[in-house]
Amino acid sequence: MTPGKGGPVLEVRDLARCFGGRDGRDDALAVIEGLSLAVAEGEFVTVAGPSGSGKSTLLNMIAQIDRPSEGTIHLRGETILAPGKADLNPGWNCQIGYVTQEDNLLPWRRLLDNILLPLRAQRRLDADARTRVAALIETAGLTGFERYYPHELSGGMRKRASLVRTLAYDPPVILMDEPFGALDAQTRTELHADLLRLWSLKRKTIVFVTHDITEAIALGDRVLVLSRAPARVVDEYRVDLPRPRDVDHLIAEPAFARLYESIRQSLARQAPKARRA
Amino acid sequence: MSRPGVVIAGRLLLGLGLVLLWTLLHRVLGDHTIAGLGDIAVRLWEIAQNGVLLRDIGVTMLEAGAGLAVGGLAGFALPFLITRVPGFEAALRPFIAAAMGVPKLALAPLLILWFGIGLLSKVVFVALVVFFLLFFSTLAGIRGADPRLIAVARVLGLRELMLLREVMLPSTLPFVFASLKVALPRAISAAVVGEFIAADTGLGSYIQNAMSQADTVGVFTGVIVVTVLVVVVNAVLDHTQKRAMGWRHSAIGGF
Amino acid sequence: MRIVVYRAVILALILACWQGASLVFGAHWIPAPAAVMRAFWLQAASGELWYHARYTLAAAVIGFLIGGLPGALLPFLIRRLATLRAILDPYLIAGYGAPKVALTPLFILWFGIGLESKVALVASVVFFLVFFITLAGLDSVDQKLIAAARVFGAGPGLIAREIVWPSAIPYVLTGLRVAAPYAIGTAVVGELISSNRGLGYSIQAAATNFEPAKLFVGVVALALIVLVLNAVLDLLEKRLLSWRPTGGIAERAQTSF
């Protein structure tokens, strides 16, 4: 795969990550091993995998919060992370956004200040940016809550705020780690719709990690299935459902059901083998 | 749940009981061991009238305040500096533990030897006591800052000063306040202990003088003034803390 | 391995600064490290150090026991007497907040300049520390656990034995743990102010007789005692609380965000 036009925006090659096993001991636990993937410009890729399969670890490495044991990560053909590379550069100069499982809003800043924080840090906060942020806040249904502290908001609103915080500074690639995992089904469906609407405006490149098959299909252009630890990509499904998608009605479509069943079986093969009595 | 009426009555009765016990002990043990309440009140009035009370409170509070400012700022700033260089703090750890082991109050005679019996020795002494309190809790605050919050802030583009201001300082603030709350009464105590050992003004010196002249009423009066001072300072601090950390109230389990 | 080198360098720097200060300000103000070590050795060999140290330790230990035991037990007694607790509350808080070392002259007035006054002072400091930490522990017992136990029919005795005590014991230990170095420090303050024996007295006497090396020896001996005490208590704490979960490296490394 050569970089350039039409090549992948984000590419992960032969990534491996081990934990523990210091001092030359042999008990190192490989969470990821030989994982490769490539994401095209404007593509929404969802990654499904059994719990504990190193999904968060994968995203932590792409976001440069964590360092791989082996393998490299490339952004537009440039090697941004390799095991020997000196310093981690979290977010690669704000080119890679990361919406984490927890909202990770600053508890001591009001909602609006939390959202403006990255723009302030990057010295990009001007009148224009403020207008854009106001529009995003409106779209996410957070208008009127700008002056609230995070602990005064519901879980769903905090999630929206953390999403808006990342969208507001416009990183070309956004990673999402089960951002809606802890929410109730109703709020979750609403947020799926919000996310798709926000995405359709900008067509960001998104890598979205989840263990929920419905979510993986409803949001993605492509679904990657990870194996159990040590994780690598074992299956890949193209989602040929038309956009814009109405998440509520999607489930009724036969194409959805077929895809769901294939992915479910693929994931089931990853389940630990049942022990015989 | 207990009834508020019973509680208030109980508290009043207990207070009255304590006053009676005091009077009884005064009668039984005599003037030399327990000063009479009336005598203390008269003495308080006297020293309030002739200006000794205000002067001594002023001296002690000045020592405590100046020491708190110097020691507090140093103890607050240093942890940020030593955690900037990776590995430096780990290297320092045994030395920090050793410094922690020295009972700081035992250094008072040394400081008086070095800095004389005047204000300076007490300010240095208070600063030393406060420094260690602030140093350890600020360090704990930095170590305890949520690593996820820091990582995400870095992804969002926060670096150096901004990371310090937006994440590290607010993370350490509860720790700093908690230790200030401990430090302020300690600062007053330290100033008083320093004055016990050698001084010519201040509340500690007043008490020490009274003791050397077998003036029991004086000892009691001085000790009561110090205690009231500390209790009032505590109350003021409690109030300030509640106001300064508005973002935190009712944020139970929030972070 | 590198850290050992760093530490050696830091230690060398500290000693160099100390030596330098001694040269600049004069050995009669700041005795050189070697002089302090020699004085330490002399005092230790002559038995003088131990003569003072055991007096300080006696005051600390006896005061610790007299203050610590009621401090640890009383919260369990008043735990279920809400009214009594509410009545005592302001008095206990005042007692906790009162600057005990500043009250030293009172203790000397009442108990004389001997061991008794230091014991009483130490006990008053230790009592309030242990009392409030233990009380906090009792208050933090998980009410859901208690409710669940009630549901399956547990009586107050069983709840106390199976839930309240196990959850509160770590706090009792923490309270005692925190109070132990305070016991030593407080005993020393008592001796500084008025005594004729003990490390605090030795330090104060060295200061008035203008013997800085002896003064340093007293401080170093105190620091050593507290360090050893802390190490022993840390070990004890680990042993006694080994059932408490602590995250392993791998567990912590894989933190999901």
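Say whether the condition of being away from chain C (no Cβ under 14 Å), surrounded by 12 or more Cβ atoms within 10 Å (Cβ to Cβ), of a type outside the set (A, V, I, L, M, F, W, C) and more than 19 Å from the chain's Cα centre (by Cα) is met by at least one residue in segment B:81-88. The answer is yes, given that some residue of segment B:81-88 is away from chain C (no Cβ under 14 Å), surrounded by 12 or more Cβ atoms within 10 Å (Cβ to Cβ), of a type outside the set (A, V, I, L, M, F, W, C) and more than 19 Å from the chain's Cα centre (by Cα).
Yes/no matrix, rows are residues, columns are (1) under 19 Å from B:VAL59 (Cα atoms); (2) of a type in the set (A, V, I, L, M, F, W, C):
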| site | (1), (2) |
| --- | --- |
| B:GLY141 | no, no |
| B:ARG159 | no, no |
| B:LEU163 | no, yes |
| B:LEU180 | no, yes |
| B:ALA190 | yes, yes |
| B:ALA198 | yes, yes |
| B:SER212 | no, no |
| B:VAL217 | no, yes |
| B:VAL230 | yes, yes |
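If we keep just the residues of segment B:236-250 that are more than 12 Å from the chain's Cα centre (by Cα) and more than 14 Å from chain A (Cβ to nearest Cβ), which is modelled with the highest pLDDT? Result: B:VAL236. Taken as a whole, segment B:203-222 holds no residue that is modelled with pLDDT of 85 or more, within 25 Å of B:LEU73 (Cα to Cα) and within 21 Å of the chain's Cα centre (by Cα). Here are some residues: A:GLY42, A:GLY71, A:GLY84, A:GLY49. Which one is buried (at least 24 other Cβ atoms within 10 Å of the Cβ) and either over 19 Å from B:GLU166 (Cα atoms) or under 14 Å from the mean Cα position of the chain (by Cα) (or both)? Going through A:GLY42, A:GLY71, A:GLY84, A:GLY49 in turn, just one is buried (at least 24 other Cβ atoms within 10 Å of the Cβ) and either over 19 Å from B:GLU166 (Cα atoms) or under 14 Å from the mean Cα position of the chain (by Cα) (or both): A:GLY49. Just a yes or no: is a residue in segment B:187-196 modelled with pLDDT of 90 or more, over 20 Å from the mean Cα position of the chain (by Cα) and more than 7 Å from every other protein chain (Cβ to nearest Cβ)? For segment B:187-196, residues modelled with pLDDT of 90 or more, over 20 Å from the mean Cα position of the chain (by Cα) and more than 7 Å from every other protein chain (Cβ to nearest Cβ): absent. Considering A:THR57, A:THR46, the condition of being under 22 Å from A:MET176 (Cα atoms) and in a helix (DSSP H, G or I) is satisfied by A:THR57 alone. Filtered by the rule that a residue be surrounded by fewer than 20 Cβ atoms within 10 Å (Cβ to Cβ) and either within 15 Å of A:VAL173 (Cα to Cα) or without any contact (Cβ under 8 Å) to a residue 60 or more places away in the chain (or both), segment A:52-68 gives a lone residue, A:ARG67. Number of residues in segment C:79-105 that are out of contact with any Pro (no Cβ under 8 Å at 6 or more places or on another chain), closer than 22 Å to B:TYR206 by Cβ and not hydrophobic (A, V, I, L, M, F, W, C): the value is 3. Close contacts from segment A:84-104, counting a first residue that is among the β-branched types (Val, Ile, Thr) and a second that is part of a loop (DSSP other than H, G, I, E, B), with Cβ to Cβ under 6 Å and a gap of 6+ residues or different chains, come to A:ILE96/A:ALA63; A:ILE96/A:PRO171; A:VAL99/A:PRO179; A:THR100/C:PHE257. For segment C:75-111, a tally of residues being of a type in the set (A, V, I, L, M), facing chain B (nearest Cβ under 8 Å) and within 25 Å of B:ILE57 (Cβ to Cβ) returns 8. Restricting attention to segment A:197-233 and to residues that are assigned to a helix (DSSP H, G or I) and among the aliphatic types (A, V, I, L, M), the residue that is nearest to A:ALA168 (Cα to Cα) turns out to be A:LEU198.
A search for C-beta distances below 8 Å between a residue of segment B:54-77 that is within 21 Å of B:PHE177 (Cα to Cα) and any residue that is outside any helix (DSSP H, G or I) and not acidic (Asp, Glu), counting only pairs 6+ apart in sequence or on different chains, returns B:GLU63/B:GLY202.
The residues listed here are C:ILE184, C:ILE146; of these, the one that is aliphatic (A, V, I, L, M) and within 30 Å of B:ALA214 (Cα to Cα) is C:ILE184.
Of everything in segment A:195-222 that is among the charged types (D, E, K, R), closer than 21 Å to A:ARG158 by Cβ and surrounded by fewer than 19 Cβ atoms within 10 Å (Cβ to Cβ), the residue that is modelled with the highest pLDDT is A:ASP212. For segment B:1-44, taking the residues that are of a type in the set (Lys, Arg) and within 28 Å of B:GLY222 (Cβ to Cβ), the one that is surrounded by the most Cβ atoms within 10 Å (Cβ to Cβ) is identified as B:ARG43. Here B:GLU195 passes the criteria (1) acidic (Asp, Glu); (2) farther than 22 Å from B:SER121 by Cα; (3) crowded, with 22+ Cβ neighbours inside 10 Å except the one numbered (2).
Given (1) within 16 Å of the chain's Cα centre (by Cα); (2) within 14 Å of chain C (Cβ to nearest Cβ); (3) crowded, with 21+ Cβ neighbours inside 10 Å, where does A:GLU102 come up short, assuming only one miss? For A:GLU102, the failing item is (3). Restricting attention to segment C:30-54, and to residues there that are surrounded by 19 or more Cβ atoms within 10 Å (Cβ to Cβ) and part of a helix (DSSP H, G or I), which single residue is nearest to the chain's Cα centre (by Cα)? Ranking the qualifying residues of segment C:30-54, first place goes to C:ALA53. With the requirement that a residue be crowded, with 16+ Cβ neighbours inside 10 Å, outside any helix (DSSP H, G or I) and either free of Cβ contacts under 8 Å to residues at least 12 places away in the same chain or within 13 Å of chain B (Cβ to nearest Cβ) (or both), what does segment C:112-147 give you? Selection gives C:ILE113 alone. Evaluation of A:LEU15 against the conditions (1) hydrophobic (A, V, I, L, M, F, W, C); (2) closer than 24 Å to A:TYR237 by Cα; (3) modelled with pLDDT under 90 shows that the sole unmet condition is (3). For beta carbons closer than 8 Å, sequence separation of 6+ or different chains, a first residue in segment B:143-155 that is at the interface with chain A (Cβ under 7 Å from one of its Cβ atoms) and a second that is among the hydroxyl-bearing types (Ser, Thr, Tyr), the qualifying pairs are B:ARG148/A:THR100; B:ARG148/C:THR255; B:LEU149/B:SER171; B:VAL152/A:TYR98; B:VAL152/A:THR100; B:VAL155/A:TYR98. Scan segment B:89-96 and give yes if some residue there is outside any helix (DSSP H, G or I) and without any contact (Cβ under 8 Å) to a residue 60 or more places away in the chain, otherwise no. No: segment B:89-96 contains no residue that is outside any helix (DSSP H, G or I) and without any contact (Cβ under 8 Å) to a residue 60 or more places away in the chain. Restricting attention to segment B:135-158, does a residue exist that is surrounded by 15 or more Cβ atoms within 10 Å (Cβ to Cβ) and over 30 Å from A:GLU102 (Cβ atoms)? Checking segment B:135-158: at least one residue is surrounded by 15 or more Cβ atoms within 10 Å (Cβ to Cβ) and over 30 Å from A:GLU102 (Cβ atoms).
Checking the structure you have, find out if any residue of segment A:122-129 is more than 14 Å from chain C (Cβ to nearest Cβ) and either surrounded by 24 or more Cβ atoms within 10 Å (Cβ to Cβ) or small (Gly, Ala, Ser) (or both). Within segment A:122-129, one or more residues are more than 14 Å from chain C (Cβ to nearest Cβ) and either surrounded by 24 or more Cβ atoms within 10 Å (Cβ to Cβ) or small (Gly, Ala, Ser) (or both).
Among the residues of segment C:184-207, those identified as closer than 16 Å to C:GLN43 by Cα, crowded, with 24+ Cβ neighbours inside 10 Å and more than 9 Å from chain B (Cβ to nearest Cβ) are C:GLY198, C:SER202.
With the condition kept exactly as written, say whether any residue in segment C:155-168 is surrounded by 22 or more Cβ atoms within 10 Å (Cβ to Cβ) and free of Cβ contacts under 8 Å to residues at least 60 places away in the same chain. There is no residue in segment C:155-168 that is surrounded by 22 or more Cβ atoms within 10 Å (Cβ to Cβ) and free of Cβ contacts under 8 Å to residues at least 60 places away in the same chain. Can you confirm whether segment B:117-131 contains a residue that is in a helix (DSSP H, G or I), without any contact (Cβ under 8 Å) to a residue 40 or more places away in the chain and at the interface with another protein chain (Cβ under 8 Å from one of its Cβ atoms)? No: segment B:117-131 contains no residue that is in a helix (DSSP H, G or I), without any contact (Cβ under 8 Å) to a residue 40 or more places away in the chain and at the interface with another protein chain (Cβ under 8 Å from one of its Cβ atoms).
The values are calculated or read from the model by the stated rules, or taken from the named source; none is laboratory data. Being a predicted model, the structure only gives us computed values, none of them experimental. Virtual Cβ from ideal backbone geometry, glycine too; neighbours counted across all protein chains shown.
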